[in-house]
1. If you scan segment B:132-170, which residues turn out to be within 10 Å of chain A (Cβ to nearest Cβ) and free of Cβ contacts under 8 Å to residues at least 24 places away in the same chain?
2. Return the pairs, sorted by first residue and then second, in which the second residue is hydroxyl-bearing (Ser, Thr, Tyr) and surrounded by fewer than 22 Cβ atoms within 10 Å (Cβ to Cβ), the first residue lies in segment B:80-102 and is within 8 Å of chain A (Cβ to nearest Cβ) and within 20 Å of A:Lys2 (Cα to Cα), the beta carbons are less than 6 Å apart, and the residues are 6+ apart or on different chains.
3. Counting only residues that are in contact with a strand residue (DSSP E or B) (Cβ under 7 Å, 6 or more places away or on another chain) and in a loop (DSSP other than H, G, I, E, B), how many does segment B:4-57 have?
4. Report whether or not A:Ile244 is farther than 24 Å from A:Asp75 by Cα and under 15 Å from the mean Cα position of the chain (by Cα).
5. Return the only residue of A:Gly280, A:Gly268, A:Gly285 being free of Cβ contacts under 8 Å to residues at least 60 places away in the same chain, more than 11 Å from chain B (Cβ to nearest Cβ) and crowded, with 18+ Cβ neighbours inside 10 Å.
6. Name the one entry in B:Lys189, B:Lys156 that is surrounded by 15 or more Cβ atoms within 10 Å (Cβ to Cβ), over 22 Å from the mean Cα position of the chain (by Cα), basic (Lys, Arg) and part of a helix (DSSP H, G or I).
7. Among (1) in contact with a helix residue (DSSP H, G or I) (Cβ under 6 Å, 6 or more places away or on another chain); (2) within 10 Å of another protein chain (Cβ to nearest Cβ); (3) among the polar types (S, T, N, Q), which single condition is B:Thr340 missing?
8. Within segment A:1-28, can you find the residues that are of a type outside the set (A, V, I, L, M, F, W, C), under 24 Å from A:Glu213 (Cα atoms) and crowded, with 16+ Cβ neighbours inside 10 Å?
Number of protein chains: 2
Amino acid sequence: MKISKPTLLLDLEKCKNNIKRMAKKAKKNDLIFRPHFKTHQSIEIGEIFKEFGVDKITVSSVEMAQYFAEAGWDDITIAFPFNPLEISEIEKLSDKIDLNILISSLESAEKLIKLTSKTLNYFIEIDAGYHRSGILADDIIQIEKTVQLLSKHNFKGFLTHSGNTYQAKSIDEILIIHQQTTSIMKDLKSRFIMQFPKIISSVGDTPSCTLAENFEYLDEIRPGNFVFFDLMQYHLGVCDLTDIAVCVACPVVDINRERNQIIIYGGGVHLSKEFLMQNGKRNFGQIVMLNKTGWQKSTKISLLISLSQEHGIIQASEELLNKISIGDIIGIIPIHSCMTANLLRKYKTFNNRYLYHL
Amino acid sequence: MKISKPTLLLDLEKCKNNIKRMAKKAKKNDLIFRPHFKTHQSIEIGEIFKEFGVDKITVSSVEMAQYFAEAGWDDITIAFPFNPLEISEIEKLSDKIDLNILISSLESAEKLIKLTSKTLNYFIEIDAGYHRSGILADDIIQIEKTVQLLSKHNFKGFLTHSGNTYQAKSIDEILIIHQQTTSIMKDLKSRFIMQFPKIISSVGDTPSCTLAENFEYLDEIRPGNFVFFDLMQYHLGVCDLTDIAVCVACPVVDINRERNQIIIYGGGVHLSKEFLMQNGKRNFGQIVMLNKTGWQKSTKISLLISLSQEHGIIQASEELLNKISIGDIIGIIPIHSCMTANLLRKYKTFNNRYLYHL
């Protein structure tokens, strides 16, 4: 496998297992599985989902919806607040496929009705505690007004993203957030189901979709990150290190033996500048050793302590320093795979295929 | 100016002024001006530098060198430690243009001589206190051995990047680092000049190149970020807010009036996740109001407090909330323009031209 610069490696087997597990869980719990494609943004990786029966997807921009629609996906939810400036693109796409947009407030709904005469499918975004966007679950008046205002449009149900699970301190805390979200979504749906018998409740985040076993009262899950997982998910307790399906291959360009540091070609433009705090220090990725079919963890801890635009600095264990020479390639498991994939734009598999990102 | 999604705006006049000022300073101080093109990575922006007499450039990867060589630049320094895995690309490019590579250690030099029979131009990278890469300035033995080992190659001089100016707490501290760097580079050059009469000393960072007035004993400057500047440089005291030449136009997609928050289409995949700490809070960018010819600061402080993949959350002042509606566009001055330009990949000027990034 010829690699000479930072390259995003994809372990297809791990990726397929991650998809398989989530698809199985959705089926077992009688849930619509509408995976979020913002993590991989790849038509070829999208094809793998089809093998597991997926025919509905989630994206986070109109551009991404257009990209996957071109590739044949015909049932897409844009899980991002309705952007009035893209109304004409939304209308065009709605003529071609089953497109769902997201309305996050009454004010946003007011904007929508001024801009279109078409009938669109919409979810109402509910803020179940994350406080990023959406109508607060207990603001029933605003929800009712929004639904009334959009009476000419097609109300598909309630959608929430419990991104607050990413701040959880334990698995238990993630499961508590999931329970609270479920209870909120259940109440809302039951309040509106008589008037709108077809509405569903849709939840999204990878931590709770991966860890929870109870999905009673929910209709749809939209996790995205699970397709690859990453170091953030591992540290949350959501996955094993061996479940992570992506890794960045980085050439070793120098070694500083006085400071026990390895300098790699691999910086913020490859890995992104996301970090985790470990023992009071920033860590920008997990070092692994590459082989012909995959990677494995180096036994003694080495930290990727700093990233500039193209350089990465590894504070290396003796063990790693003894193994590594200039011209070798080291693997870095990313902190946040969505950001890394977005930067590197293509995936290299271990059978030497390239899969492309939007 | 039709904008419907996050768009990198370039104020060409500010950009030209930044280039003009630095070119003038280089001329006044009899310095070779070899600007670093890693910030803009744009052939069209490169053309502007030509108007100010620039004919030598710096880049941070072989790929970038190839890109600018294709566009006619024929004197390029790759200011990144020599990557043995790209030796064949380096050899090819060296046949076509005046290419300088960087040797950061004796170990790296040993690797080079095993890999090539060609004569290459090289700088020795000196660590003058930043401690990222390079040979420590006082490790004369290692420097001498490196020069001896590379005797068949063409020694161009000493190169350093004082990236530690970015951690400085004051302008004075930046100037002290500049003085120390100058003194280190002066000593080194004088030690080797008899043996190598043509060697030069080359320094690089935007903070010291912008703030310092004394460049005695130095031969070349390689600043890069100054072409746009950014919020990091502004907070260091390196530039005025009005010198910053780039800004990301972000659609307002929702407003939460209970929390005084504005939700924009503009996240980590547009702005990067770099932040500054301000009053104990993370700030991911400076909010500005856009007009037809540029932007201006909103008088009351509003902070971009959080970014996810596509969403940004502004904690807004009353003044900003009263001005803004869903469907408007807000400007965000980036924390780190290099990272933002790398993510957004093209620039839109106020006369509606697009300039492209590598």
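Laboratory data are not the source of any read-out in this text; all were calculated from the coordinates shown. Please read all numbers here as calculations on a predicted model, not as lab measurements. When we count neighbours, we look across all protein chains shown, and the Cβ atoms used for this are built from the backbone with ideal geometry, even at glycine.
1. Residues of segment B:132-170 within 10 Å of chain A (Cβ to nearest Cβ): B:132-136, B:139, B:161, B:163, B:166.
Result: B:Leu136, B:Asp139.
2. Filtered contacts from segment B:80-102: B:Leu85/A:Ser4; B:Glu86/A:Ser4.
3. Number satisfying all stated conditions: 12.
4. Numbers: farther than 24 Å from A:Asp75 by Cα: yes; under 15 Å from the mean Cα position of the chain (by Cα): yes.
Spelling it out, A:Ile244 is indeed farther than 24 Å from A:Asp75 by Cα and under 15 Å from the mean Cα position of the chain (by Cα).
5. Values: A:Gly280 fails: crowded, with 18+ Cβ neighbours inside 10 Å; A:Gly268 fails: more than 11 Å from chain B (Cβ to nearest Cβ).
Going through A:Gly280, A:Gly268, A:Gly285 in turn, the sole match is A:Gly285.
6. Numbers: B:Lys156 fails: part of a helix (DSSP H, G or I).
Result of the check over B:Lys189, B:Lys156: B:Lys189.
7. Result: B:Thr340 passes all but (2).
8. A:Lys14, A:Lys16, A:Asn18, A:Lys25 - these are the residues of segment A:1-28 that are of a type outside the set (A, V, I, L, M, F, W, C), under 24 Å from A:Glu213 (Cα atoms) and crowded, with 16+ Cβ neighbours inside 10 Å.
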